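The structure under discussion appears below in the form of structure tokens.
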Amino acid sequence: MPGDQRKELLVLYAHPNVVVRLQSAILTVDLAPLEAKRIFEGIKASRIYPYAADASYSLGNLEGDT
């Protein structure tokens with residue numbers, strides 16, 4: 001889509017803050033689904049709640065479980 005600048009958020013996948021990584025993955029999952037999935041899986045495995053629960057929910061949506 002012209003003017004869509006969400007791709008600029010992809011650099012935030014490497015950000016040290018879990019909230020920044022989670023939000024950037026949520027906002028760009030349709031642009032980079034495999035990369036976003038890895039972010040969701042990593043956050044879920046970290047067990048840093050409530051973000052791990054949000055990542056788990058996002059994984060379920062991505063995989064069609066919900």
Subset of the range 1-26 (residues that are of a type in the set (A, V, I, L, M) and open to solvent by 40 Å² or more (accessible area, probe 1.4 Å)): Met1, Leu9, Leu10, Val11, Leu12, Ala14, Val19, Val20, Ile26
Per the filter on the range 10-36, residues over 17 Å from Asp54 (Cβ atoms) and hydrophobic (A, V, I, L, M, F, W, C) are Leu10, Val11, Ala14, Leu31, Ala32, Leu34
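For every residue, the table says whether it meets (1) assigned to a helix (DSSP H, G or I); (2) farther than 21 Å from Asp4 by Cα; (3) of a type in the set (Val, Ile, Thr).
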position: Arg21; (1), (2), (3): yes, no, no
position: Leu27; (1), (2), (3): yes, no, no
position: Leu31; (1), (2), (3): no, no, no
position: Leu34; (1), (2), (3): yes, no, no
position: Arg38; (1), (2), (3): yes, yes, no
position: Gly42; (1), (2), (3): yes, yes, no
position: Ala52; (1), (2), (3): yes, yes, no
position: Ala55; (1), (2), (3): yes, yes, no
position: Gly60; (1), (2), (3): yes, yes, no
Out of the range 42-59, which residues are touching a residue at least 24 places away in the same chain (Cβ under 8 Å) and surrounded by fewer than 15 Cβ atoms within 10 Å (Cβ to Cβ)? Ser46, Ile48
Of all residues in the range 27-41, count the ones that are within 9 Å of the chain's Cα centre (by Cα), aliphatic (A, V, I, L, M) and crowded, with 17+ Cβ neighbours inside 10 Å. 3
Confirm whether Leu62 is crowded, with 17+ Cβ neighbours inside 10 Å and among the hydrophobic types (A, V, I, L, M, F, W, C). yes
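The values are calculated or read from the model by the stated rules, or taken from the named source; none is laboratory data. The shown structure was predicted, so the numbers you read here are calculated from the model rather than taken from an experiment. Here the Cβ is made from the backbone with ideal geometry for all residues, glycine too, and neighbour counts use every protein chain on show. All accessible areas refer to the heavy atoms of the entire protein, side chains included, with ligands and DNA or RNA removed. Shrake-Rupley method; radii C 1.70, N 1.55, O 1.52, S 1.80 Å.
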